[in-house]
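**Q** Okay, handing you the structure first.
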Amino acid sequence: MKSLVILHASQLVTLSGPQRPRVGTELSVLGIIRDGGMLIRNGEIERVGPSDDIEKNVDDAEIVDARGHVVLPGFVDAHTHLVFAGNRLDDFERRARGETYEQIAKAGGGIWSTVEKTRAASERDLLAQAKKHANWFLRCGTTTVEAKSGYGLTVEDELKILRVMRQLKDEVRLEIVPTFLGAHAVSRELSPDQYLDVVVTKMLPRVTAEKLAEFCDVFCERGYFDIDQSRQILSAAKELGLSLRGHADQLTNSGGAKLMAELGATTADHLEQTDGQGIGALLKANVQPVLLPGSVYALGSSRYPRAREMIEAGLAVVLATDFNPGSSPTPSMPMVLSLACTQMKTSPAEAITASTINAAYSLNRGARIGSLEPGKLANFAIFDCEDYRELAYWFGMAQTHSVYVRGGRVV
Ligand SMILES: [Zn+2]
């Protein structure tokens with residue numbers, strides 16, 4: 001592969017720093033190089049520095065002039081539900097008319113409608129739709145996503161979704177980190193305890209035997225999987241070698257964050273209702289909070305998670321889209337940056353750290369992606385703006401200029 005050189009970026013936002021997730025005031029340190037450049041060989045970053053220095057090492061490399069542009073590590077979206085069939089347009093319209101979740105579910109909407117469509121879809125159809133979604137992510141400047149199963153809720157349908165993710169890896173340049181979320185909701189055909197048994201004794205062993213997931217996640221909420229049921233599922237997953245994530249304290253403060261801390265989960269996600277005690281537990285156990293303001297916004301709520309308190313407590317905060325058809329139909333990290341700054345009062349710099357290097361660590365990939373440093377993969381995005389704060393400031397429009405994965409242009 002020919003080498004590639006990026007020169008004269010108005011801001012090369014490197015995120016260089018300690019080899020671990022960033023906390024406290026570190027979230028505000030972006031390692032910006034003005035008139036910055038980067039030399040890339042064989043898909044990896046070889047040198048980063050002022051353009052003058054980089055230019056001296058250019059031999060026959062392809063040159064990209066990034067004058068007037070910001071260059072950023074590709075966004076790492078650490079919480080998505082990438083693979084599903086159909087959409088939830090009818091729910092969306094009903095919600096706009098003021099109908100409640102219960103009314104919508106009664107009318108045949110809600111998660112169950114997506115489960116039915118996903119079960120009915122062939123692997124090929126699911127793959128085609130997932131490919132379309134994957135390209136949306138790339139166009140927003142995201143180069144890695146975590147992707148959850150969870151719209152199958154039978155052994156075969158959950159495996160089908162995870163296999164689609166595996167196939168997708170070969171067909172698109174978006175990097176995908178698979179998570180098993182069989183415990184997304186209780187299957188209608190079984191009692192909660194029967195379904196839990198299927199997840200633990202049937203699904204998890206197959207998922208791990210076929211190496212279809214790196215993480216296991218649970219929707220920990222009353223009416224879905226309570227604390228004890230969530231503990232059973234996640235403990236079984238841990239024993240099989242999976243790392244843990246969890247949907248916690250989204251609708252009620254039910255102790256989800258504390259459970260994630262108790263089990264040594266990598267992340268606790270959502271946390272809209274988490275209080276100071278929950279924040280303290282996460283801190284003690286080194287669990288990274290993954291905040292999802294897109295779903296709060298799209299559901300028309302105003303109860304955002306307490307990002308400021310979490311940053312000030314010393315948590316290595318992560319921001320993600322929660323891309324899914326029901327509560328967060330957006331693949332856009334720039335939109336999430338806007339919401340983080342306007343609704344949760346993070347600074348633009350904190351939001352960028354949370355959606356790049358901290359997100360990379362939350363997927364066990366901090367050593368390979370999330371910052372622009374020698375030895376890391378050349379996954380980066382070039383934006384049509386001169387100051388990184390513009391990414392959070394202008395909202396509702398695409399500022400992506402081009403996107404590269406492993407040194408190859410994908411957008
Ligand atoms: Zn989710």
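**Q** Name the one entry in Pro21, Pro50, Pro73 that is in contact with a strand residue (DSSP E or B) (Cβ under 9 Å, 6 or more places away or on another chain), open to solvent by 10 Å² or more (accessible area, probe 1.4 Å) and under 25 Å from Pro293 (Cβ atoms).
**A** It is Pro21.
**Q** Can you spot a residue in region 139-154 that is within 21 Å of Leu204 (Cα to Cα) and more than 16 Å from the ligand (Cβ to nearest atom)?
**A** Taking every residue of region 139-154 in turn, at least one turns out to be within 21 Å of Leu204 (Cα to Cα) and more than 16 Å from the ligand (Cβ to nearest atom).
**Q** Separate question: Go over the candidates Lys169, Lys148 one by one and state the one that is open to solvent by less than 10 Å² (accessible area, probe 1.4 Å), of a type in the set (D, E, K, R) and within 20 Å of Leu363 (Cβ to Cβ).
**A** Exactly one of Lys169, Lys148 is open to solvent by less than 10 Å² (accessible area, probe 1.4 Å), of a type in the set (D, E, K, R) and within 20 Å of Leu363 (Cβ to Cβ), namely Lys148.
**Q** Can you find even one residue in region 221-240 that is within 16 Å of the ligand (Cβ to nearest atom), under 22 Å from Ile357 (Cα atoms) and free of Cβ contacts under 8 Å to residues at least 60 places away in the same chain?
**A** no
**Q** Which members of region 236-253 meet the condition of being among the hydroxyl-bearing types (Ser, Thr, Tyr) and under 22 Å from Tyr361 (Cα atoms)?
**A** Scanning region 236-253 gives a single hit, Ser243.
**Q** Anything in region 305-349 that is more than 16 Å from the ligand (Cβ to nearest atom), assigned to a loop (DSSP other than H, G, I, E, B) and either within 10 Å of Leu292 (Cβ to Cβ) or not polar (S, T, N, Q) (or both)? List them, or say none.
**A** Answer for region 305-349, where residues must be more than 16 Å from the ligand (Cβ to nearest atom), assigned to a loop (DSSP other than H, G, I, E, B) and either within 10 Å of Leu292 (Cβ to Cβ) or not polar (S, T, N, Q) (or both): Arg306, Gly314, Leu315, Ala316, Val317, Met344, Lys345.
**Q** Out of all the residues in region 182-210, which are of a type outside the set (A, V, I, L, M), crowded, with 19+ Cβ neighbours inside 10 Å, modelled with pLDDT of 95 or more and not in a strand (DSSP E or B)?
**A** Within region 182-210, His184, Tyr195 meet the criteria.
**Q** With (1) surrounded by 16 or more Cβ atoms within 10 Å (Cβ to Cβ); (2) in contact with a strand residue (DSSP E or B) (Cβ under 7 Å, 6 or more places away or on another chain) as the list, and Arg88 as the residue in question, which single condition is left unmet?
**A** Here Arg88 meets the rest and fails (2).
**Q** On to the next question. Take the conditions surrounded by fewer than 24 Cβ atoms within 10 Å (Cβ to Cβ), more than 14 Å from the ligand (Cβ to nearest atom) and either modelled with pLDDT under 95 or on the phi < 0 side of the Ramachandran plot (or both) and apply them to Ser243. Does it pass? Working first, answer last.
**A** Numbers: surrounded by fewer than 24 Cβ atoms within 10 Å (Cβ to Cβ): yes; more than 14 Å from the ligand (Cβ to nearest atom): yes; either modelled with pLDDT under 95 or on the phi < 0 side of the Ramachandran plot (or both): yes.
So Ser243 passes the test.
**Q** Which residues, taken from region 204-230, are farther than 17 Å from Thr179 by Cα and among the charged types (D, E, K, R)?
**A** Hits for region 204-230 are Glu221, Arg222, Asp226, Asp228.
**Q** Continuing with this model, one more query. Any residue in region 258-272 that is in contact (Cβ under 8 Å) with a residue 24 or more places away in the chain and hydroxyl-bearing (Ser, Thr, Tyr) sitting within a Cβ distance under 7 Å of a residue that is open to solvent by 10 Å² or more (accessible area, probe 1.4 Å) and more than 12 Å from the ligand (Cβ to nearest atom)? List the pairs, counting only those 6 or more apart or interchain.
**A** Thr266/Ser243; Thr266/Gln288; Thr267/Gln288
**Q** Would it be correct to say that Glu309 is of a type in the set (D, E, K, R), modelled with pLDDT of 95 or more and crowded, with 24+ Cβ neighbours inside 10 Å? Don't jump to the end; show me each part of the working.
**A** Details: of a type in the set (D, E, K, R): yes; modelled with pLDDT of 95 or more: yes; crowded, with 24+ Cβ neighbours inside 10 Å: no.
Considered against the rule, which asks whether it is of a type in the set (D, E, K, R), modelled with pLDDT of 95 or more and crowded, with 24+ Cβ neighbours inside 10 Å, Glu309 comes out as no.
**Q** Only residues that are of a type in the set (Gly, Ala, Ser), open to solvent by less than 60 Å² (accessible area, probe 1.4 Å) and out of contact with any Phe, Trp or Tyr (no Cβ under 8 Å at 6 or more places or on another chain): list them for region 95-123, please.
**A** Gly98, Ala107, Gly108, Gly109, Ser113, Ala121, Ser122
Okay, residues lined up against (1) under 27 Å from Arg95 (Cα atoms); (2) open to solvent by less than 10 Å² (accessible area, probe 1.4 Å):
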{"residue": "Leu315", "(1), (2)": "no, yes"}
{"residue": "Pro334", "(1), (2)": "yes, no"}
{"residue": "Ser347", "(1), (2)": "no, no"}
{"residue": "Ala351", "(1), (2)": "no, yes"}
{"residue": "Asn358", "(1), (2)": "no, yes"}
{"residue": "Leu363", "(1), (2)": "no, yes"}
{"residue": "Gly370", "(1), (2)": "no, yes"}
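The values are calculated or read from the model by the stated rules, or taken from the named source; none is laboratory data. On a predicted model such as this, the values are computed, not experimentally measured, just so you know. Neighbour counts run over all protein chains shown; Cβ positions are idealised from the backbone, glycine included. For accessibility, only protein heavy atoms count, side chains too; no ligands or nucleic acids. Shrake-Rupley method; radii C 1.70, N 1.55, O 1.52, S 1.80 Å.
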